[in-house]
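A short write-up of the structure that comes next.
The values are calculated or read from the model by the stated rules, or taken from the named source; none is laboratory data. Keep in mind that this is a model prediction, so the values were computed, not measured. Don't worry about glycine lacking a Cβ; one is built from the backbone with ideal geometry, like all the others, and counts go over all protein chains shown. These area figures cover heavy atoms from the full protein model, side chains too; ligands, DNA and RNA do not enter into them. Shrake-Rupley method; radii C 1.70, N 1.55, O 1.52, S 1.80 Å.
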Amino acid sequence: MLTGGGDCPGLNPVIRAVCRRLWENGHETYGVLNGWRGMIDGNLKPLGWEETSGILHIGGTIIGTSRTNPYKNDGGVEGVKKTFEQLDALIAIGGEDTLGVASRLYAEEGLPVVGVPKTIDNDLNGTDYTFGFDTAVAIATEAVDRVHSTAESHNRAIVVETMGRHAGWIALFTGIAGGADFTLIPEQPVDYDEIAAAVERRRSRGKNFSVIVASEGAELPGFSDEGEVDEFGHVRVENRAVGETVAQEVEARTGMQTRATVLGYIQRGGSPTPRDRMLGLRFGLKAADLVLEGKWGQMAALHGDVVNSVPLTEATAELKLVPQEWYDTAKTFFG
Ligand code: F6P
């Protein structure tokens, strides 16, 4: 198995479950080190009891990760195919990028691959939720709770910037659960006057402070992304400085002292919530079952409370963005 893309709480539970289920069926398990980089280089590590013991509650991934794309490296796909000669199957654990590669390797090269959906951003299609999301929202919500008391003490507006470069799920759930006075997500246009109006409405009701949640991927008016892209074509959204920019614009319009807090990697690091441990374990068992059944090109998925599977092509065709109805739910509680 390999883990690719940004790390995510719940990866180690998946690895643990895959190993247990495959061992009980008489198979050996290997970790491919550092995502697709390890498949290109043939960098495999046997995973046994010693390696997988005591990892359930640990964040990150014991087999490392990278954003390497075999299709963007000379000889990358050939390297992957060569490494496959040592393997019966590969379980790729990742988000749209990692699983997009897995999908192509299955469809174009006929390789025996199955997928597990991972991302704190929760923006993968074909599954109700990805593991890591619950942990990220729990951490971000706690941050919003903490920011409330300091905002109130100082009569300030505080902008809390969350991750989520293409989809606003983390910001949306954090904003609703944390009682944000405004929430900005990439799927909705940003209007500084609307945010300022929400802050003013609260002030007119005697609440001389506000908390605003903003996704790092919010599309700021007049801003165009520049600079390097990674091997999957993503720009570094932190260049937008969403939190800081929104804070300055709100202060300019309301005169209220405004600050920004960027949560960053805190949302991805550390121990998974019990819910993410459960989801990771269940996805891991399902992926191992898909291997045992030879159901290649499939991805473990959650629908309601049932873990089943969907084709990787369906999961990676397009991102799962926040629909209008969800944003309307958040809006009810603005200002
Ligand atoms: O894809 C998950 C994610 O956490 C995004 O929300 C974020 O923009 C990105 O990873 C940043 O990851 P890195 O800095 O590791 O490239």
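Please go through region 1-20 and give me each residue that is open to solvent by 10 Å² or more (accessible area, probe 1.4 Å) and more than 16 Å from the ligand (Cβ to nearest atom), ordered by number.
1, 16, 20
State which residue pairs qualify: first residue open to solvent by 60 Å² or more (accessible area, probe 1.4 Å) and more than 11 Å from the ligand (Cβ to nearest atom) and inside region 253-271, second residue in a helix (DSSP H, G or I) and at pLDDT below 95 in any location, beta carbons under 9 Å apart, and separation of 6 or more residues or different chains.
Correct list of pairs: 262/238.
Quick grid of which residues meet (1) within 22 Å of residue 282 (Cα to Cα); (2) out of contact with any strand residue (DSSP E or B) (no Cβ under 6 Å at 6 or more places or on another chain); (3) of a type in the set (S, T, N, Q):
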{"residue": "22", "(1), (2), (3)": "yes, no, no"}
{"residue": "36", "(1), (2), (3)": "no, yes, no"}
{"residue": "44", "(1), (2), (3)": "no, no, no"}
{"residue": "58", "(1), (2), (3)": "yes, yes, no"}
{"residue": "62", "(1), (2), (3)": "yes, yes, no"}
{"residue": "67", "(1), (2), (3)": "no, yes, no"}
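Scan 124, 99, 172, 184 and give me the residue that is more than 30 Å from residue 3 (Cβ to Cβ), among the aliphatic types (A, V, I, L, M) and under 21 Å from the mean Cα position of the chain (by Cα). Before you say what the answer is, go through the steps one by one.
Numbers: 124 fails: more than 30 Å from residue 3 (Cβ to Cβ); 99 fails: more than 30 Å from residue 3 (Cβ to Cβ); 172 fails: more than 30 Å from residue 3 (Cβ to Cβ).
On inspection, the qualifying residue turns out to be 184.
If you go through region 131-164, how many residues are farther than 27 Å from residue 234 by Cα and part of a loop (DSSP other than H, G, I, E, B)?
The number of residues fulfilling the criteria is 2.
Do you know which residues across region 43-71 are under 29 Å from residue 228 (Cβ atoms) and not in a loop (DSSP other than H, G, I, E, B)?
Residues of region 43-71 under 29 Å from residue 228 (Cβ atoms): 43, 59-61, 63-71.
Of everything in region 43-71, those that are under 29 Å from residue 228 (Cβ atoms) and not in a loop (DSSP other than H, G, I, E, B) turn out to be 70, 71.
Does region 156-165 contain at least one residue that is at pLDDT 95 or above, in the same structural domain as residue 221 (by TED's automatic domain parsing), surrounded by fewer than 23 Cβ atoms within 10 Å (Cβ to Cβ) and not hydrophobic (A, V, I, L, M, F, W, C)?
We begin by selecting, within region 156-165, every residue at pLDDT 95 or above; these are 156-164.
From what's left, in the same structural domain as residue 221 (by TED's automatic domain parsing): 156-164.
Now narrow it down to the ones that are surrounded by fewer than 23 Cβ atoms within 10 Å (Cβ to Cβ): 156.
Filter once more, so that each one left must be not hydrophobic (A, V, I, L, M, F, W, C): 156.
Within region 156-165, one or more residues are at pLDDT 95 or above, in the same structural domain as residue 221 (by TED's automatic domain parsing), surrounded by fewer than 23 Cβ atoms within 10 Å (Cβ to Cβ) and not hydrophobic (A, V, I, L, M, F, W, C).
Take the residues in region 166-187 that are open to solvent by 20 Å² or more (accessible area, probe 1.4 Å) and of a type in the set (Gly, Ala, Ser), then tell me which one is nearest to residue 278 (Cα to Cα).
For region 166-187, the residue satisfying everything is 177.
Of these, 156, 165, 146, which one is of a type outside the set (Val, Ile, Thr) and free of Cβ contacts under 8 Å to residues at least 40 places away in the same chain? Break it down stepwise before answering.
Details: 156 fails: free of Cβ contacts under 8 Å to residues at least 40 places away in the same chain; 165 fails: free of Cβ contacts under 8 Å to residues at least 40 places away in the same chain.
That would be 146, the only listed residue that is of a type outside the set (Val, Ile, Thr) and free of Cβ contacts under 8 Å to residues at least 40 places away in the same chain.
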